[in-house]
Amino acid sequence: MKASAFSYARATSVSNAIELLVAHGERAKVLAGGQSLMPAMNLRLLAPEWIVDIGGLSEELHGISVNGDRVTIGALTRHADLLKSVEVAAHAPLLAEATGQIAHPAIRNRGTIGGSLAHADPASELPACVVALDATIIARGPAGERRIPATEFFTGVYETALATRELLVAVELPPVSRNSAHFFGELARRHGDYAIVGLAAQAIVENDRLNELRTVFFGVSDRPQPAKATASLIKTAVTPASLSQTMKALGEELDPPEDHQANGAMRRHLAKVLLAQCISKLLDRPELGAGGRP
Ligand SMILES: Cc1cc2nc3c(=O)[nH]c(=O)nc-3n(C[C@H](O)[C@H](O)[C@H](O)COP(=O)(O)OP(=O)(O)OC[C@H]3O[C@@H](n4cnc5c(N)ncnc54)[C@H](O)[C@@H]3O)c2cc1C
């Protein structure tokens, strides 16, 4: 199938892109890497009247910078750039590891971090990572710039806190603490497929304890879902029994959807498996990983 007819405007600057969005409102869609928007248009799931192409705004929107301990990633930074970046590897290895799981090289060469976050697919890797990292999403619109905590940015399936007339311009990551550790895992039918269930976690590990822990599941809800149950593992000596208790509580907390890939019970089970793997890796205690086995 081919996309419906649309008008095309190539933005010449971020201000110009916002002017175009203001002019065309709900009838317009921003085009970044096109890896989600174009398939959706070709399948006629979306039929915008106007396409506002921001692909030429690399000078303003592309790149990774480190200011003090903070890393800022421009919206047009491609998945492939994240994978190559020494800054991302040093300051946000969780993001680098997760990006390696997105689709295939051809898609990673075109897809952008801004597009992935604005698209807000509940099975996507990067939305869960920015929530786990406690990042801030920077949006710009006719009224100026807005900083939105990643924890408040995702509001539903393909829905975010961005207004129609706003552009996502960057993502800011907080400083990495000493002794920080991460885990990223996803279970998919084939490498490169969207995850059935995934888990992004960021922690501070000191003296064999998890002094901080942020665990965010994806593929289990309409948006990235931080797990409340894992709070019981913080600042205590984790034992197979306490992990098992937490896994049980996690199962009660999650209410995953059913689709053609898996039913809710299977997703709940896989989430528990990932949690056991996560805690085992973070604490470097292989015996805890067995906690996820049926
Ligand atoms: C075969 C295939 C497999 C894939 N597998 C995965 C996968 O495993 N995991 C995964 O996460 N993704 C996957 N993707 C999607 C891919 O990662 C996309 O690149 C990404 O989701 C969107 O980035 P984009 O730059 O291409 O955005 P686009 O397709 O250009 O835009 C996506 C949406 O975001 C909006 N948008 C884009 N940029 C901005 C901005 N700066 N401000 C405001 N709105 C904006 C657009 O209007 C549109 O609604 C897959 C895609 C394909 C085709």
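None of the figures in this text is laboratory data; all of them are computed from the coordinates on show. Quick caveat: nothing in here was measured; it's all calculated off a predicted structure. When we count neighbours, we look across all protein chains shown, and the Cβ atoms used for this are built from the backbone with ideal geometry, even at glycine.
Measuring from centroid to centroid over Cα atoms, what is the spacing of region 114-177 and region 63-91 in Å?
Taking the Cα centre of each part, region 114-177 and region 63-91 sit 15 Å apart.
Considering the chain as a Gaussian network with a 10 Å cut-off on Cα pairs, which listed residue, LEU76, LEU46, LEU168, attains the greatest mean-square fluctuation?
LEU46
Hey, what's the Cα Rg ratio for region 149-252 versus the globular rule of thumb, 2.2 N^0.38 Å?
Numbers: Rg = 16.0 Å, N = 104, 2.2 N^0.38 = 12.8 Å.
Its radius of gyration relative to the 2.2 N^0.38 Å reference: 1.25.
Can you count the Lys pairs in the chain with C-alpha separation below 23 Å, eight or more apart or on different chains?
10
First check a/c for region 157-217, with a ≥ b ≥ c the square roots of the eigenvalues of its C-alpha gyration tensor; if it is under 1.5, answer rounded, and if not, answer prolate when a/b is larger than b/c or oblate otherwise.
Oblate.
So what does log10 I(q)/I(0) come out to for the chain at q = 0.14, 0.15 Å⁻¹, using the Debye formula with one equal point on every Cα and no solvent?
Scattering profile of the chain, log10 relative to I(0): -1.01, -1.14.
Would you look at the GNM of the chain, springs on alpha carbons closer than 10 Å, and say which of THR236, THR72, THR151 moves the most?
Looking only at THR236, THR72, THR151, the largest GNM fluctuation is found for THR236.
Taking only DSSP H segments of four or more residues, each worth -39500 (n - 2.57), what value at 222 nm results for the chain once the sum is divided by all its residues, to the nearest 500 deg cm²/dmol?
-9000 deg cm²/dmol
What order do you get for MET1, MET41 when you list them from fewest to most C-beta neighbours inside 10 Å?
MET1, MET41
At q = 0.12 Å⁻¹, what is the log10 ratio I(q)/I(0) for region 30-189, with the Debye formula run over Cα points and no solvent?
-0.49
Starting from the Cα gyration tensor of region 26-114, multiply each eigenvalue by 5, take the square root, and state the resulting semi-axes largest first in whole Å. Numbers along the way, then the final one.
Numbers: eigenvalues 144, 49, 17 Å².
Taking √(5λ) for each eigenvalue gives 27, 16, 9 Å, largest first.
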